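Asker: Attaching a single structure in C-alpha coordinates format; questions to follow.
The values are calculated or read from the model by the stated rules, or taken from the named source; none is laboratory data. What you are looking at is a predicted structure, and each value in this text was computed from that prediction instead of being measured. Please note: Cβ atoms are built from the backbone with ideal geometry, for glycine as well, and neighbour counts cover all protein chains shown. With ligands, DNA and RNA removed, areas are computed over all heavy atoms of the protein, side chains included. Shrake-Rupley method; radii C 1.70, N 1.55, O 1.52, S 1.80 Å.
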Amino acid sequence: MNKSKRQKKEVNVWYALLTLAVMIGTMLYTVVKLQQAPHIPLLIGTSVAIIITLCHGYKWDEVEEMMYKGIRHALPAVVIIMLVGLIIGAWIGSGVVAAMIYYGLKLISPTYFLSVVVIICGIVALAIGSSWSTMATVGVASMGIGISMGLSPGMVAGAVISGAYFGDKMSPLSDTTNLASGLTNVDLFEHIRHMFFTTIPGLIISLIVFFILGQMYGSDHLNQSRIDSIMNAIDQSFIITPWLLLVPLIVIVIVALKVPAIPAIVIGIVLGFLTQIFFQGDTLLEAVKALQTGYKLESGNKIIDELFNRGGLESMFYTISLTLVAMTFGGLLEYSGMLKAMINIVLRVAKNTGSLIASVIVSCIGTNVTCSEQYISIIVPARMYVSTFIDHDLHPKNLSRALEDGGTLTSVFVPWNTCGVFIASTLSVSVSQYAPFAILNFVVPIISLIYGYTGFKVIKLSQSEKQYFKQQEALD
(Lines give C-alpha, C1' and ligand atoms only; values in the text may rest on other atoms or scores of the structure.)
Protein backbone atom coordinates (compact mmCIF):
# COMPACT_ATOMS: atom_id res chain seq x y z
CA MET A 1 0.00 0.00 0.00
CA ASN A 2 2.77 2.42 0.96
CA LYS A 3 4.72 1.51 -2.17
CA SER A 4 1.64 2.18 -4.32
CA LYS A 5 1.17 5.53 -2.62
CA ARG A 6 4.79 6.55 -3.28
CA GLN A 7 4.50 5.59 -6.96
CA LYS A 8 1.26 7.54 -7.21
CA LYS A 9 3.00 10.70 -6.01
CA GLU A 10 6.04 10.43 -8.27
CA VAL A 11 5.77 13.05 -11.03
CA ASN A 12 6.90 11.84 -14.44
CA VAL A 13 9.68 13.94 -15.97
CA TRP A 14 7.57 14.69 -19.04
CA TYR A 15 4.97 16.41 -16.89
CA ALA A 16 7.74 18.38 -15.23
CA LEU A 17 9.09 19.43 -18.64
CA LEU A 18 5.57 20.35 -19.77
CA THR A 19 5.20 22.68 -16.79
CA LEU A 20 8.55 24.25 -17.54
CA ALA A 21 7.78 24.58 -21.28
CA VAL A 22 4.47 26.33 -20.59
CA MET A 23 6.11 28.78 -18.18
CA ILE A 24 9.07 29.60 -20.44
CA GLY A 25 6.88 29.80 -23.57
CA THR A 26 4.41 32.22 -22.00
CA MET A 27 7.30 34.09 -20.38
CA LEU A 28 9.10 34.68 -23.68
CA TYR A 29 5.91 35.80 -25.42
CA THR A 30 4.82 38.09 -22.59
CA VAL A 31 8.18 39.67 -21.82
CA VAL A 32 9.73 39.81 -25.32
CA LYS A 33 6.69 40.21 -27.59
CA LEU A 34 4.21 42.03 -25.36
CA GLN A 35 6.92 43.74 -23.25
CA GLN A 36 4.99 43.11 -20.06
CA ALA A 37 6.02 42.02 -16.56
CA PRO A 38 6.81 38.32 -15.92
CA HIS A 39 4.24 37.90 -13.11
CA ILE A 40 1.43 36.44 -15.25
CA PRO A 41 3.58 33.80 -17.03
CA LEU A 42 4.83 32.65 -13.63
CA LEU A 43 1.24 32.42 -12.40
CA ILE A 44 0.29 30.43 -15.51
CA GLY A 45 3.21 28.06 -14.88
CA THR A 46 2.13 27.79 -11.25
CA SER A 47 -1.43 26.90 -12.32
CA VAL A 48 -0.16 24.14 -14.62
CA ALA A 49 2.07 22.81 -11.81
CA ILE A 50 -0.90 22.78 -9.41
CA ILE A 51 -3.06 20.80 -11.86
CA ILE A 52 -0.31 18.25 -12.54
CA THR A 53 0.47 17.89 -8.83
CA LEU A 54 -3.20 17.32 -7.95
CA CYS A 55 -3.50 14.77 -10.77
CA HIS A 56 -0.60 12.84 -9.24
CA GLY A 57 -2.46 12.20 -6.01
CA TYR A 58 -1.52 15.15 -3.81
CA LYS A 59 -4.21 16.76 -1.71
CA TRP A 60 -4.90 20.48 -1.91
CA ASP A 61 -3.52 21.01 1.60
CA GLU A 62 -0.21 19.46 0.50
CA VAL A 63 -0.10 21.60 -2.66
CA GLU A 64 -0.78 24.70 -0.58
CA GLU A 65 2.03 23.80 1.81
CA MET A 66 4.45 23.40 -1.13
CA MET A 67 3.67 26.96 -2.23
CA TYR A 68 4.07 28.29 1.30
CA LYS A 69 7.42 26.51 1.67
CA GLY A 70 8.61 28.19 -1.51
CA ILE A 71 7.53 31.58 -0.20
CA ARG A 72 9.28 30.94 3.13
CA HIS A 73 12.57 30.53 1.24
CA ALA A 74 12.07 34.04 -0.13
CA LEU A 75 11.26 35.80 3.15
CA PRO A 76 14.89 36.70 4.01
CA ALA A 77 15.26 38.16 0.52
CA VAL A 78 12.00 40.10 0.89
CA VAL A 79 13.24 41.67 4.13
CA ILE A 80 16.50 42.73 2.44
CA ILE A 81 14.58 44.13 -0.55
CA MET A 82 12.42 46.29 1.72
CA LEU A 83 15.45 47.56 3.62
CA VAL A 84 17.25 48.32 0.35
CA GLY A 85 14.35 50.53 -0.75
CA LEU A 86 14.56 52.37 2.57
CA ILE A 87 18.33 52.83 2.50
CA ILE A 88 18.31 54.17 -1.07
CA GLY A 89 15.67 56.74 -0.09
CA ALA A 90 17.53 57.67 3.10
CA TRP A 91 20.98 57.92 1.51
CA ILE A 92 19.73 59.99 -1.42
CA GLY A 93 17.77 62.32 0.89
CA SER A 94 20.74 62.70 3.21
CA GLY A 95 23.07 63.67 0.37
CA VAL A 96 25.29 60.60 0.87
CA VAL A 97 24.76 59.32 -2.69
CA ALA A 98 25.14 62.87 -4.03
CA ALA A 99 28.48 63.24 -2.21
CA MET A 100 29.72 59.91 -3.59
CA ILE A 101 28.78 60.97 -7.12
CA TYR A 102 30.23 64.48 -6.66
CA TYR A 103 33.63 63.32 -5.43
CA GLY A 104 33.63 60.42 -7.88
CA LEU A 105 33.22 62.84 -10.78
CA LYS A 106 35.94 65.02 -9.31
CA LEU A 107 38.53 62.33 -8.66
CA ILE A 108 38.04 59.39 -11.06
CA SER A 109 39.17 59.48 -14.68
CA PRO A 110 36.57 58.13 -17.16
CA THR A 111 39.19 55.88 -18.80
CA TYR A 112 39.79 54.02 -15.54
CA PHE A 113 36.32 54.40 -14.06
CA LEU A 114 34.91 50.97 -14.95
CA SER A 115 37.94 49.12 -13.55
CA VAL A 116 37.82 51.22 -10.38
CA VAL A 117 34.11 50.39 -9.96
CA VAL A 118 34.87 46.64 -10.13
CA ILE A 119 37.58 46.99 -7.47
CA ILE A 120 35.58 49.24 -5.11
CA CYS A 121 32.40 47.14 -5.34
CA GLY A 122 34.50 44.00 -4.84
CA ILE A 123 36.14 45.40 -1.69
CA VAL A 124 32.84 46.60 -0.21
CA ALA A 125 31.04 43.31 -0.93
CA LEU A 126 33.99 41.36 0.48
CA ALA A 127 33.78 43.41 3.66
CA ILE A 128 30.02 43.20 4.16
CA GLY A 129 29.28 39.86 2.47
CA SER A 130 26.33 41.15 0.44
CA SER A 131 26.18 41.88 -3.28
CA TRP A 132 22.69 43.35 -2.93
CA SER A 133 23.67 45.85 -0.25
CA THR A 134 26.75 46.81 -2.26
CA MET A 135 24.74 47.39 -5.42
CA ALA A 136 22.09 49.37 -3.53
CA THR A 137 24.67 51.78 -2.09
CA VAL A 138 28.00 51.99 -3.88
CA GLY A 139 26.37 50.59 -7.04
CA VAL A 140 23.70 53.30 -7.19
CA ALA A 141 26.36 56.00 -6.76
CA SER A 142 28.55 54.36 -9.43
CA MET A 143 25.63 54.37 -11.88
CA GLY A 144 25.21 58.09 -11.27
CA ILE A 145 28.89 58.80 -11.86
CA GLY A 146 29.13 56.63 -14.98
CA ILE A 147 25.97 58.00 -16.60
CA SER A 148 27.15 61.54 -15.83
CA MET A 149 30.40 60.73 -17.66
CA GLY A 150 28.40 59.58 -20.68
CA LEU A 151 29.11 55.86 -20.28
CA SER A 152 26.53 53.23 -21.20
CA PRO A 153 24.25 52.35 -18.23
CA GLY A 154 24.55 48.66 -19.09
CA MET A 155 28.35 48.89 -19.13
CA VAL A 156 28.47 50.59 -15.72
CA ALA A 157 25.95 48.12 -14.27
CA GLY A 158 28.07 45.24 -15.57
CA ALA A 159 31.09 46.61 -13.72
CA VAL A 160 29.04 47.04 -10.53
CA ILE A 161 27.66 43.49 -10.78
CA SER A 162 31.06 41.92 -11.56
CA GLY A 163 32.67 43.58 -8.54
CA ALA A 164 29.75 43.01 -6.18
CA TYR A 165 29.43 39.32 -7.01
CA PHE A 166 33.17 38.75 -6.76
CA GLY A 167 33.20 40.19 -3.22
CA ASP A 168 30.03 38.39 -2.20
CA LYS A 169 31.29 35.05 -3.53
CA MET A 170 34.65 35.31 -1.76
CA SER A 171 33.41 36.75 1.55
CA PRO A 172 33.17 34.52 4.65
CA LEU A 173 30.20 36.70 5.66
CA SER A 174 28.20 35.87 2.52
CA ASP A 175 25.04 33.79 2.97
CA THR A 176 25.48 31.92 -0.34
CA THR A 177 29.13 31.15 0.46
CA ASN A 178 28.16 29.73 3.85
CA LEU A 179 25.23 27.88 2.30
CA ALA A 180 27.32 26.15 -0.38
CA SER A 181 30.01 25.07 2.08
CA GLY A 182 27.51 24.00 4.74
CA LEU A 183 25.38 21.84 2.43
CA THR A 184 28.45 19.96 1.19
CA ASN A 185 30.12 19.61 4.64
CA VAL A 186 33.16 21.56 3.43
CA ASP A 187 35.07 23.88 5.74
CA LEU A 188 34.13 27.49 4.90
CA PHE A 189 37.66 28.75 4.33
CA GLU A 190 38.65 25.63 2.41
CA HIS A 191 35.64 26.31 0.15
CA ILE A 192 36.74 29.94 -0.36
CA ARG A 193 40.34 28.94 -1.09
CA HIS A 194 39.15 26.43 -3.69
CA MET A 195 37.01 29.12 -5.38
CA PHE A 196 40.14 31.26 -5.85
CA PHE A 197 41.16 29.09 -8.81
CA THR A 198 38.07 29.96 -10.87
CA THR A 199 37.10 33.36 -9.43
CA ILE A 200 40.46 35.18 -9.43
CA PRO A 201 41.08 34.46 -13.15
CA GLY A 202 37.50 35.64 -13.76
CA LEU A 203 38.23 38.87 -11.89
CA ILE A 204 41.46 39.45 -13.82
CA ILE A 205 39.68 38.93 -17.16
CA SER A 206 36.91 41.32 -16.02
CA LEU A 207 39.40 44.03 -15.07
CA ILE A 208 41.21 43.68 -18.41
CA VAL A 209 37.94 43.90 -20.37
CA PHE A 210 36.70 46.93 -18.40
CA PHE A 211 40.09 48.63 -18.75
CA ILE A 212 39.87 48.18 -22.54
CA LEU A 213 36.26 49.41 -22.58
CA GLY A 214 37.32 52.44 -20.54
CA GLN A 215 40.07 53.24 -23.02
CA MET A 216 37.63 52.85 -25.93
CA TYR A 217 34.63 54.73 -24.57
CA GLY A 218 35.80 56.78 -21.58
CA SER A 219 37.51 59.67 -23.35
CA ASP A 220 35.30 59.63 -26.46
CA HIS A 221 32.11 60.11 -24.46
CA LEU A 222 33.53 62.55 -21.92
CA ASN A 223 31.60 65.80 -21.93
CA GLN A 224 33.30 68.04 -19.37
CA SER A 225 30.70 70.78 -19.68
CA ARG A 226 27.94 68.28 -18.87
CA ILE A 227 29.91 66.94 -15.90
CA ASP A 228 30.43 70.51 -14.66
CA SER A 229 26.72 71.24 -14.96
CA ILE A 230 25.86 68.06 -13.06
CA MET A 231 28.30 68.90 -10.27
CA ASN A 232 26.89 72.43 -10.06
CA ALA A 233 23.33 71.05 -9.88
CA ILE A 234 24.36 68.63 -7.11
CA ASP A 235 26.06 71.49 -5.26
CA GLN A 236 22.90 73.58 -5.47
CA SER A 237 20.55 70.74 -4.45
CA PHE A 238 22.54 69.29 -1.53
CA ILE A 239 25.03 70.37 1.10
CA ILE A 240 28.12 68.49 -0.06
CA THR A 241 30.99 67.69 2.31
CA PRO A 242 33.38 64.76 2.80
CA TRP A 243 31.77 64.25 6.22
CA LEU A 244 28.78 62.66 4.45
CA LEU A 245 31.03 59.77 3.43
CA LEU A 246 31.23 58.80 7.10
CA VAL A 247 27.75 57.25 6.83
CA PRO A 248 28.70 54.43 4.38
CA LEU A 249 32.10 54.11 6.09
CA ILE A 250 30.42 53.50 9.47
CA VAL A 251 28.18 50.82 7.93
CA ILE A 252 31.16 49.06 6.32
CA VAL A 253 33.08 49.11 9.61
CA ILE A 254 30.06 47.77 11.51
CA VAL A 255 29.68 44.83 9.13
CA ALA A 256 33.43 44.21 9.16
CA LEU A 257 33.02 43.77 12.91
CA LYS A 258 30.71 40.84 12.03
CA VAL A 259 27.41 42.59 12.74
CA PRO A 260 24.81 40.80 10.54
CA ALA A 261 23.75 42.49 7.31
CA ILE A 262 20.18 43.37 8.33
CA PRO A 263 21.06 45.27 11.56
CA ALA A 264 23.91 46.99 9.70
CA ILE A 265 21.56 48.16 6.93
CA VAL A 266 19.06 49.38 9.55
CA ILE A 267 21.85 51.44 11.16
CA GLY A 268 22.63 52.86 7.71
CA ILE A 269 18.96 53.79 7.25
CA VAL A 270 18.81 55.53 10.64
CA LEU A 271 22.05 57.44 9.97
CA GLY A 272 20.76 58.55 6.58
CA PHE A 273 17.38 59.57 8.02
CA LEU A 274 18.98 61.68 10.76
CA THR A 275 21.49 63.22 8.34
CA GLN A 276 18.67 64.31 6.02
CA ILE A 277 16.94 66.15 8.89
CA PHE A 278 19.85 67.59 10.84
CA PHE A 279 22.42 68.09 8.06
CA GLN A 280 20.46 68.73 4.87
CA GLY A 281 17.82 70.66 6.83
CA ASP A 282 14.79 68.77 5.51
CA THR A 283 11.64 68.40 7.60
CA LEU A 284 10.62 65.24 9.39
CA LEU A 285 7.80 64.83 6.85
CA GLU A 286 10.24 65.02 3.91
CA ALA A 287 12.55 62.46 5.52
CA VAL A 288 9.65 60.07 6.14
CA LYS A 289 8.45 60.51 2.55
CA ALA A 290 11.94 59.68 1.28
CA LEU A 291 11.70 56.36 3.15
CA GLN A 292 8.16 55.58 2.00
CA THR A 293 7.84 56.86 -1.58
CA GLY A 294 11.43 57.83 -2.40
CA TYR A 295 13.27 61.12 -2.62
CA LYS A 296 11.80 63.83 -4.86
CA LEU A 297 13.99 66.47 -6.49
CA GLU A 298 13.16 69.15 -9.04
CA SER A 299 16.51 70.69 -9.92
CA GLY A 300 15.73 71.56 -13.52
CA ASN A 301 18.57 69.27 -14.63
CA LYS A 302 17.02 66.19 -16.27
CA ILE A 303 19.98 63.90 -15.58
CA ILE A 304 20.13 64.92 -11.91
CA ASP A 305 16.40 64.45 -11.44
CA GLU A 306 16.55 60.97 -13.01
CA LEU A 307 19.46 60.03 -10.75
CA PHE A 308 17.93 61.19 -7.48
CA ASN A 309 14.16 60.74 -7.87
CA ARG A 310 14.13 57.17 -6.64
CA GLY A 311 14.28 54.87 -3.62
CA GLY A 312 11.72 54.29 -0.90
CA LEU A 313 9.80 51.27 0.30
CA GLU A 314 7.13 51.55 -2.41
CA SER A 315 9.74 51.37 -5.18
CA MET A 316 10.39 47.77 -4.13
CA PHE A 317 6.77 46.52 -4.22
CA TYR A 318 7.16 45.29 -7.82
CA THR A 319 10.27 43.34 -6.86
CA ILE A 320 8.63 41.89 -3.75
CA SER A 321 5.51 40.77 -5.63
CA LEU A 322 7.56 39.12 -8.36
CA THR A 323 9.74 37.39 -5.76
CA LEU A 324 6.70 35.92 -4.02
CA VAL A 325 5.10 34.76 -7.29
CA ALA A 326 8.37 33.22 -8.50
CA MET A 327 8.95 31.40 -5.23
CA THR A 328 5.41 30.02 -5.27
CA PHE A 329 6.19 28.42 -8.62
CA GLY A 330 9.62 27.30 -7.39
CA GLY A 331 8.15 25.72 -4.26
CA LEU A 332 5.77 23.60 -6.33
CA LEU A 333 8.55 22.41 -8.63
CA GLU A 334 10.87 21.49 -5.78
CA TYR A 335 8.52 19.86 -3.29
CA SER A 336 6.36 18.00 -5.81
CA GLY A 337 9.49 16.26 -7.11
CA MET A 338 9.34 17.85 -10.59
CA LEU A 339 12.73 19.50 -10.19
CA LYS A 340 14.27 16.27 -8.94
CA ALA A 341 12.86 14.41 -11.96
CA MET A 342 14.50 16.91 -14.33
CA ILE A 343 17.86 16.82 -12.53
CA ASN A 344 17.83 13.00 -12.53
CA ILE A 345 17.80 13.12 -16.33
CA VAL A 346 20.93 15.28 -16.23
CA LEU A 347 22.58 12.85 -13.80
CA ARG A 348 22.17 9.96 -16.22
CA VAL A 349 24.53 11.52 -18.75
CA ALA A 350 27.24 12.38 -16.21
CA LYS A 351 29.80 9.64 -16.96
CA ASN A 352 33.08 11.37 -16.02
CA THR A 353 34.42 14.25 -13.93
CA GLY A 354 33.94 16.86 -16.66
CA SER A 355 30.36 15.90 -17.42
CA LEU A 356 29.56 15.66 -13.70
CA ILE A 357 30.77 19.21 -13.00
CA ALA A 358 29.03 20.39 -16.18
CA SER A 359 25.84 18.72 -14.95
CA VAL A 360 26.03 20.64 -11.68
CA ILE A 361 26.48 23.97 -13.47
CA VAL A 362 23.67 23.21 -15.94
CA SER A 363 21.41 22.14 -13.05
CA CYS A 364 22.18 25.36 -11.17
CA ILE A 365 21.39 27.47 -14.23
CA GLY A 366 18.22 25.47 -14.87
CA THR A 367 17.13 25.92 -11.27
CA ASN A 368 17.77 29.66 -11.51
CA VAL A 369 15.50 29.74 -14.56
CA THR A 370 12.75 27.52 -13.20
CA CYS A 371 12.70 28.36 -9.50
CA SER A 372 13.75 32.01 -9.83
CA GLU A 373 15.95 32.03 -6.72
CA GLN A 374 19.72 31.62 -6.34
CA TYR A 375 19.36 30.00 -2.91
CA ILE A 376 17.36 27.13 -4.42
CA SER A 377 19.90 26.88 -7.26
CA ILE A 378 22.44 25.99 -4.57
CA ILE A 379 20.26 23.98 -2.20
CA VAL A 380 18.62 21.55 -4.64
CA PRO A 381 21.69 20.58 -6.72
CA ALA A 382 23.70 20.23 -3.49
CA ARG A 383 21.18 17.67 -2.25
CA MET A 384 21.14 15.86 -5.57
CA TYR A 385 24.90 15.67 -6.28
CA VAL A 386 26.77 15.39 -2.98
CA SER A 387 26.57 11.58 -2.82
CA THR A 388 27.49 11.24 -6.49
CA PHE A 389 30.64 13.33 -6.06
CA ILE A 390 31.76 11.23 -3.09
CA ASP A 391 31.02 8.00 -4.97
CA HIS A 392 33.19 9.27 -7.85
CA ASP A 393 36.05 10.00 -5.39
CA LEU A 394 35.68 13.73 -5.94
CA HIS A 395 36.20 16.05 -2.98
CA PRO A 396 32.91 17.84 -2.09
CA LYS A 397 34.70 21.19 -2.35
CA ASN A 398 34.63 20.64 -6.12
CA LEU A 399 30.85 20.51 -5.78
CA SER A 400 30.63 23.54 -3.48
CA ARG A 401 32.72 25.56 -5.96
CA ALA A 402 30.58 24.45 -8.92
CA LEU A 403 27.42 25.35 -7.00
CA GLU A 404 28.60 28.93 -6.61
CA ASP A 405 30.07 29.16 -10.12
CA GLY A 406 26.85 27.92 -11.68
CA GLY A 407 24.23 29.06 -9.17
CA THR A 408 25.26 32.28 -7.43
CA LEU A 409 26.74 33.96 -10.50
CA THR A 410 24.22 33.07 -13.22
CA SER A 411 21.16 34.21 -11.24
CA VAL A 412 21.70 37.76 -12.57
CA PHE A 413 20.96 36.70 -16.16
CA VAL A 414 17.36 35.56 -15.53
CA PRO A 415 14.92 38.52 -15.73
CA TRP A 416 12.38 36.85 -13.42
CA ASN A 417 14.94 35.54 -10.93
CA THR A 418 14.97 37.50 -7.66
CA CYS A 419 18.53 38.67 -8.42
CA GLY A 420 17.70 39.83 -11.95
CA VAL A 421 14.60 41.65 -10.74
CA PHE A 422 16.47 43.26 -7.84
CA ILE A 423 19.32 44.52 -10.03
CA ALA A 424 16.98 45.86 -12.70
CA SER A 425 14.92 47.79 -10.15
CA THR A 426 17.87 48.98 -8.05
CA LEU A 427 20.22 50.07 -10.84
CA SER A 428 17.41 51.03 -13.27
CA VAL A 429 18.94 48.91 -16.04
CA SER A 430 17.26 45.97 -17.76
CA VAL A 431 18.82 42.51 -17.73
CA SER A 432 19.30 42.63 -21.52
CA GLN A 433 21.27 45.88 -21.15
CA TYR A 434 23.73 44.73 -18.48
CA ALA A 435 24.01 41.00 -19.31
CA PRO A 436 26.76 41.37 -21.99
CA PHE A 437 28.84 43.39 -19.52
CA ALA A 438 28.47 41.18 -16.42
CA ILE A 439 31.85 39.74 -17.41
CA LEU A 440 32.73 37.91 -14.20
CA ASN A 441 29.33 36.26 -14.01
CA PHE A 442 29.59 34.43 -17.32
CA VAL A 443 33.40 33.97 -17.48
CA VAL A 444 33.72 32.09 -14.17
CA PRO A 445 31.22 29.29 -15.10
CA ILE A 446 33.15 28.81 -18.37
CA ILE A 447 36.44 28.56 -16.46
CA SER A 448 34.81 26.05 -14.10
CA LEU A 449 33.72 23.92 -17.07
CA ILE A 450 37.25 24.00 -18.55
CA TYR A 451 38.72 22.87 -15.21
CA GLY A 452 36.17 20.06 -15.02
CA TYR A 453 37.05 18.61 -18.43
CA THR A 454 40.82 19.11 -18.10
CA GLY A 455 40.98 17.97 -14.47
CA PHE A 456 42.90 21.12 -13.50
CA LYS A 457 42.41 21.95 -9.80
CA VAL A 458 39.82 19.17 -9.44
CA ILE A 459 40.67 17.52 -6.13
CA LYS A 460 40.27 13.79 -5.58
CA LEU A 461 39.33 12.15 -2.27
CA SER A 462 41.63 9.85 -0.35
CA GLN A 463 40.02 6.74 1.14
CA SER A 464 40.08 8.22 4.65
CA GLU A 465 38.50 11.45 3.40
CA LYS A 466 35.89 9.47 1.50
CA GLN A 467 34.99 7.57 4.65
CA TYR A 468 34.76 10.82 6.62
CA PHE A 469 32.39 12.48 4.14
CA LYS A 470 30.30 9.31 3.94
CA GLN A 471 29.89 9.48 7.71
CA GLN A 472 28.98 13.18 7.53
CA GLU A 473 26.42 12.43 4.83
CA ALA A 474 24.89 9.67 6.97
CA LEU A 475 24.56 12.10 9.89
CA ASP A 476 22.78 14.60 7.63
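Asker: For the range 47-63, enumerate the residues that are open to solvent by less than 70 Å² (accessible area, probe 1.4 Å) and either within 14 Å of Met327 (Cβ to Cβ) or not in a helix (DSSP H, G or I) (or both).
Answerer: Ala49, His56, Gly57, Tyr58
Asker: For residues that are among the hydroxyl-bearing types (Ser, Thr, Tyr), in a helix (DSSP H, G or I) and open to solvent by less than 90 Å² (accessible area, probe 1.4 Å), scanning just the range 446-467, find the one that is nearest to Leu403 (Cα to Cα).
Answerer: So the first thing to find is which residues in the range 446-467 are among the hydroxyl-bearing types (Ser, Thr, Tyr), and the list is 448, 451, 453-454, 462, 464.
Filter again for in a helix (DSSP H, G or I), leaving 448, 451, 453-454, 464.
Checking the rest, the ones that are also open to solvent by less than 90 Å² (accessible area, probe 1.4 Å) come to 448, 451, 464.
On the way: Ser448: 10, Tyr451: 14, Ser464: 24 Å.
For the range 446-467, the residue satisfying everything is Ser448.
Asker: Still on this structure, please answer the following. Which of the residues that make up the range 360-401 are under 20 Å from Ala21 (Cα atoms) and either of a type in the set (Gly, Ala, Ser) or part of a loop (DSSP other than H, G, I, E, B) (or both)?
Answerer: Ser363, Gly366, Ser372, Glu373, Ser377
Asker: Could you give me the residue pairs with C-beta distances under 8 Å whose first residue belongs to the range 278-291 and is at positive phi, whose second residue is open to solvent by less than 100 Å² (accessible area, probe 1.4 Å) and not polar (S, T, N, Q) wherever it lies, and which are 6+ apart or on separate chains?
Answerer: Pairs that qualify, where the first residue is at positive phi and the partner is open to solvent by less than 100 Å² (accessible area, probe 1.4 Å) and not polar (S, T, N, Q), are Gly281/Ile239.
Asker: Here is a further query. Mind checking which pairs have a first residue in the range 299-321 that is within 28 Å of Gly150 (Cα to Cα) and at pLDDT 80 or above and a second that is of a type in the set (S, T, N, Q) and part of a helix (DSSP H, G or I), Cβ under 6 Å, 6 or more apart or different chains?
Answerer: Once the first residue is within 28 Å of Gly150 (Cα to Cα) and at pLDDT 80 or above and sits in the range 299-321, its partners that are of a type in the set (S, T, N, Q) and part of a helix (DSSP H, G or I) give Gly312/Gln292.
Asker: Could I ask something else about it? When both residues are 6+ apart or on different chains and their Cβ atoms are under 6 Å apart, which pairs have a first residue that lies in the range 406-422 and is in a helix (DSSP H, G or I), and a second that is among the hydroxyl-bearing types (Ser, Thr, Tyr) and open to solvent by less than 10 Å² (accessible area, probe 1.4 Å)?
Answerer: Matching pairs, first to second residue: Gly407/Ser377; Thr408/Thr176; Thr418/Thr323; Cys419/Ser411; Val421/Thr319; Phe422/Thr319.
Asker: Additional query: Working only within the range 314-345, note down all residues that are of a type outside the set (Gly, Ala, Ser) and open to solvent by 40 Å² or more (accessible area, probe 1.4 Å). Let's see the steps before the verdict.
Answerer: Of the range 314-345, the ones of a type outside the set (Gly, Ala, Ser) are 314, 316-320, 322-325, 327-329, 332-335, 338-340, 342-345.
The answer is Glu314, Phe317, Tyr318, Leu324, Tyr335, Lys340, Asn344, Ile345.
Asker: Moving to a separate point now. What's the number of the condition Gly406 fails, among (1) open to solvent by less than 10 Å² (accessible area, probe 1.4 Å); (2) closer than 24 Å to Val78 by Cβ; (3) small (Gly, Ala, Ser)?
Answerer: Just one mismatch for Gly406, condition (2).
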